[in-house]
Structures are given as structure tokens and as C-alpha cells.
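Enquirer: I am attaching a structure below and will ask some questions about it afterwards.
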Amino acid sequence: MKQQSNLSRLMGYAGRHKILTCLSWLLSALSALLALVPFWYIWRIIHDILEVSPDFARAQNVTRYGWSAVLFAVISIIVYIAALMCSHISAFRVAANIRKELMRHIAALPVGVIEKYGSGKLRRIVNTSSTATETYLAHRLPDKAGAIATPIGLLFLLLVFDWRLGLLSLLPVVLGFLIMMKMTGKSMEQKMNEYQNALADMSNEAVEYVRGIPVVKTFGQTVFSFKRFKATIDNYEKWVIAYTKTLRLPMMFYTTAINGVFAFLIAGGIIFTRGGVTNELLLNLIFYIVITPVIGTTLTKIMFMSEDAMIVSDALGRIDGLLEEKPLSESAKPKTPSEYSITLEHVSYSYDGEKNAVSDVSLSVKPGQVAALVGPSGGGKTTLAGLVTRFFDPQQGCVLIGGIDIRDIPKEELMNNVSFVFQNSRLIKASILDNVRMGKPGAAREEVDRALRAAQCTDIIEKLPNGIDTVVGRDGVYLSGGEQQRIAIARAILKNAPILILDEATAFADPDNEVRVQKALSVLSKGKTVLMIAHRLSSITGADRIYVLQGGKIAESGTHAELIKKNGIFTHMWNNYSQAAEWKIAKEVEA
């Protein structure tokens, strides 16, 4: 029932190509039956030869029977090719439609959900899971129709000539089938799910590892620096080896059973010939020895089809899991803010449903003010920024912009009014012009030029071979972290949104780039409501309000001077930061 349900799901993506899938089953079944006809002609050939033995020249019909066998074999192949053509056309359409639906759904999901999955897992669901359905529809289902038709035809051939030898041929089939059912039962379904999970985890961590290779090379680290990646590889290795050992004995007995049919036939032949060998018995024994290998091939096909059915079930489960992720709700009565203050009222959010990343946080940033979020790592700073930008919605409380709940503001309107500069801003593989234009797709070239100059990017453009038309990431053109950050700031300047979110925007900048980035941020921040996350405390001394987060809660708030007077958490952080800066200067002086 579950498999039929999965098949119905897949057929829902096939559209008008569903008829091709059904046609492929009919053609495949017909091909399987046609493939058995040459065995009947082989029986006729053996019969004629034994009839005239030892005067083989009298066998007049051998050539005709031989060519007839070849003809039916060729017809069977042609019909099977037609079946695969039909199944592939339908399967490609199904896989394409699944990918389209997944990509449309992913595009509608909040950024927080995307980050939860990770790019590696998402890529695997979109590509690998849809490919699994393609293989299943294109090959396994037509083969299943053939595998059903073959035993029916075989049963007729095995019993019509000599029912005793036919039953002997079926004994190892029954034994092999029982062993196969044991291997492909409910436990196999669970194992297949574990296998796919191990692959998905390894794929996800591999993507993160590849992204971090520059850091690994810079600091001379090995793969062991990426403990999570290595852990997923070790986990996969242990699982595969343990699973292989588990199936070793059942697979050995299965292979022995399906290939042991000759032993049964030989034993039967010895028993049945005690009263003397007749031409008819010899004819049937030779024929059964010729045809019984088809049984093993058919059983093996059925076994792999059972495995593929589990793979498809697992793939559809992962696809459904992603499709069940809910996009952000849209208000039935959308509102547009008239001013751009930011207010959080008793906001709480948890990533895992257990421990809150932020808990009962309330704060307010007036239009045009600069508010800074500081505190130890894991304090909830990035989570708060994500809530303001609606990467995810709070589980308790509300976030207001201009006094309006952001859930009542249309997503496009919200995105148009908020600019982001992250600590690891990335550029797409496109020209500088196109990268900056992402902030304002219809911007003229002159507007992009002005934004680049305001973001202190003149020195970057001058060294590029084709100026702003240079494609980043091609022909050896790569930018440093600080340079990418300035291009990202240019993009935000071009967008000119009234609200600006800065997440440690100078984190990866060297001293020279940091000065330029700070100048660019000064231009970008003018007249805007700014919420910034900072670890370099010197960059937020002029903030209108500083919020110190610890354990997901606001521990302190005030201006820089007010917080220093409190002699609390911020004072301790400031003293440590100042001592670290003085230590660096002292070291430089000694050198």
C-alpha cells in the first residue's frame, strides 16, 4: 500500500506523460514473454537432434528454428528498447517537475530554514532524491513488469515439458525468495534510511570543508581540523562495514540457492534415470539446464527492485520533509510602515524547541539611531538580527518596524526596506557590475559607479582587468575577504534601504581594508536605522544604544559611557579588549 502510494505520488508529477509509464510496463512485460520464445525453439532444436542422432544430417529444421529464435530475441530487444524510451521520457518529466517544485518551495522558505538544512543536504535532496525517482521509473518499474511476466512464462515452460523437473527447478527459487524476503524486510528499510542519513551528513560537511579549504591551507591544518567532516566519514565507514558484515551470510546463502538449481536437476536426473535413459528425459533435462539460469537473473532483478523501492520511499520521505517546511505566513491585510524604528517585544526563539537562543528580549531602536549588540559568542546576537530581518519568526513575542508587526508587512516590502552586510559576505560568479546591481536590479551603470566609489572600492576596480565588468571567480580573478566586504557594502549603498543590519562587517578585514570598510560603513549608515553586531568594541563607541546579550537575554544596555560607569559585564569586556589592543601595540614596538 505504501509503495502504491509512492507510485501515485510520482504519477502526480508525470502529467500527461503518465500514459507513457503505463505503456512502458506493457511493453516490458511483452518483451519478457517474447524473450522466452527462443527457449521453446531451443527445445525444438534439441528434440530434432536427439530424434535423428547419430545421423544429424537428417535434422532439417534446425536452421529454421535457430533463425526463428534469433528473430524473437531481436524483437524482444526492440520491444524492450521501446519500453525504456517510454519510461525514460516520463521519468525525466517527473524528476524535472520534482526539482522545479522543490526549487520553488526553497525560494519561498525563510533563510533560517535554509541554514538549518545546510547547502549540502538541500543539494542532495534536490538532485540525488529526484534522481532516485528517475532511476526507479525509468528502469526498475519496467523491469518489475518484466520480472512479473517472466515467472508466469517460466512456470508454463517449466511444468509443460516435465512437471517433475519443473518442481525441482522451483525448490531453490522458493528458498532464494525466502532468504531475499528476509534481507529486504522492514529492517532493510530502516537500514536504508540510516544509509541515506549518513550520506547526507557526509555531503553537507564536505561542502563546508571545501568552503574552508583556504583557511586550512593558510594555517597549515589537516583534515583533522574539520572534526565534524571527519566524524561523518568515520561514521559512514563504520556503518557500511557493519552493514556489509550483517548481509554477508544471507547473501552467500541466497547466491548459493539461486545458483544451486543445477544440483537439484542433476540429482533429479540421476533418480529419474534409474530405469534407463530415454530421449524424452534427456531432452527435457538438457532443456531445463539451459533455461534455469533465467530464474537466478529474474530473482536478482526482483531483489534490486525491492532495494530501489526502499530508496525511492526514503527519497520521497526527504522530499516531503522539505516540502512540509512552511514558508513565512503572509498577512491577509498587509501594511506598510511610515517610519523605520525597530522594536522587539518579549521575543523568544529556539532552534531545537528545547533551549531558547533568545529569551524574552525587548529593545527599541528609534529611526536614524545606531544600536549595537555585543556579548559573548552564543549570546543570541545573530539570532536577534535574523528575527529582525524575518529569516524566521519568533515563537513568542513580536518584532515591529515602524510600529507594525513584520508579519503584516509584505515580504518584498520588508526586503526592500532592509539591507544586510554579513561578516562573510559572498559574491556570485558574475561581474562586479552584476554583483552590485543585486541591490537594485534596474540601476544604471553610473549609479553602480557612484556606489562603488562611496564604498571605497576605487582601488579594487582599478586593478581588475576589465574594471566593473570583470567576472569574479574566473580567469584567476579573486578578491580578498575585505575586498568582498566592500563590494557588498557598495551593493547595500546602491539599495539605499532605510534599515541596515551589520553582522560583524569588519571581521575578516586586514588593517588597511578595515579602515576602508569603516569609511564605507560611515557613508552607508548616514540617516539610517542601524542594528549592528560587533566584536571589535572600538567600532561601537559612538552607538546611540548598546545592548549586552548573555545567555540569550539582555544583561545590560546604555551608551558606551553609561555602561562603563556601571562597571558590569560591558566594562569587563572593554577592559579585556583594551588590554588586547595595548598588548599588540607593545609587541609591535618591541619588534
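Enquirer: Assuming 0.36 nm per residue, please report the length gained on full extension of the stretch ARG445 to ALA73 beyond their Cα-Cα distance. Working shown, then result.
Expert: Details: separation 372, 0.36 × 372 = 133.92 nm, distance 6.69 nm.
The ARG445-ALA73 span can extend by a further 127.2 nm.
Enquirer: So if R0 is 25 Å, what FRET efficiency would THR135 and VAL174 give, r being the distance between their Cβ atoms, rounded to the nearest 0.05?
Expert: Details: r = 29 Å, r/R0 = 1.17.
Step by step, r from the Cβ atoms, then E = 0.30.
Enquirer: Sort TRP43, TRP574 so that the residue with the fewest other Cβ atoms within 10 Å of its own Cβ comes first and the one with the most comes last. Mind showing how you got there, number by number?
Expert: Working: TRP43 21, TRP574 17.
With the sparsest Cβ surroundings first, the list reads TRP574, TRP43.
Enquirer: I've got another one for you. Want the number for SER364 to GLU339: 0.36 nm per residue separation, take away the alpha-carbon distance, what's left?
Expert: Values: separation 25, 0.36 × 25 = 9.00 nm, distance 1.35 nm.
7.6 nm is the gain from fully extending SER364 to GLU339.
Enquirer: Let me ask something else. Please give the net charge around ARG390, taking every other residue with its beta carbon less than 9 angstrom from that of ARG390, where Lys and Arg add +1 and Asp and Glu add -1.
Expert: +1
Enquirer: Given a Förster radius of 25 Å and the C-beta distance between GLU330 and LYS429 as r, what FRET efficiency does 1/(1 + (r/R0)^6) yield to the nearest 0.05?
Expert: Values: r = 32 Å, r/R0 = 1.29.
Efficiency for this residue pair is about 0.20.
Enquirer: For the range 333-431, state which GluC sites (Glu not before Pro) are in a DSSP loop and have at most 16 other beta carbons lying within 10 Å of their beta carbon. Mind dumping the intermediate values first?
Expert: On the way: sites: GLU339, GLU345, GLU354, GLU412, GLU413; in loops: GLU339, GLU354.
Sparse-neighbourhood loop GluC sites (Glu not before Pro): GLU339, GLU354.
Enquirer: In the range 356-434, which trypsin sites (Lys or Arg not before Pro) are in a loop and have at most 16 other Cβ atoms within 10 Å, using DSSP for the loop call?
Expert: Values: sites: LYS381, ARG390, ARG407, LYS411, ARG426, LYS429; in loops: ARG390, ARG426, LYS429.
Answer in residue order: ARG426, LYS429.
Enquirer: With r defined as the distance between the Cβ atoms of ARG64 and LEU26 and R0 fixed at 25 Å, what FRET efficiency is calculated, to the nearest 0.05?
Expert: Values: r = 30 Å, r/R0 = 1.20.
So, using R0 = 25 Å, E works out to roughly 0.25.
Enquirer: In what order do VAL358, VAL62, VAL421 fall by count of nearby beta-carbon atoms within 10 Å, going from fewest to most?
Expert: On the way: VAL358 27, VAL62 16, VAL421 24.
Going from least to most buried by this count: VAL62, VAL421, VAL358.
Enquirer: Distance between the C-alpha centers of the range 115-135 and the range 53-68? Whole Å please.
Expert: A separation of 58 Å, based on Cα centres.
Enquirer: Report the label-to-label distance for VAL477 and HIS105 in nanometres (one decimal), using points 7 Å from each Cα along the Cα→Cβ vector.
Expert: Placing both labels 7 Å beyond Cα along the Cβ direction yields 3.8 nm.
Enquirer: Right, another one. Only counting other Cβ atoms within 10 Å, I'd like LEU531, LEU563, LEU400 sorted with the fewest neighbours first.
Expert: Working: LEU531 27, LEU563 22, LEU400 19.
Ranking LEU531, LEU563, LEU400 by Cβ neighbours within 10 Å, fewest first, gives LEU400, LEU563, LEU531.
Enquirer: So, one more: For VAL515 and LEU247, calculate 0.36 nm times their separation in residues minus their Cα-Cα distance, and state this gained length in nm to one decimal. If you can, show how the numbers build up before the last one.
Expert: Values: separation 268, 0.36 × 268 = 96.48 nm, distance 6.27 nm.
Here the segment from VAL515 to LEU247 would lengthen by 90.2 nm.
Enquirer: What nm value, rounded to one decimal, do you get for the distance between VAL160 and GLU194 when each label is placed 7 Å out toward the C-beta?
Expert: Here the modelled spin labels are 4.7 nm apart.
A short reminder: the numbers here are calculations on the coordinates, not readings from a lab. Quick caveat, the model's predicted, so the values are computed rather than measured. Using ideal geometry, Cβ is built from the backbone for each residue, glycine included, and neighbour counts are taken over all protein chains shown.
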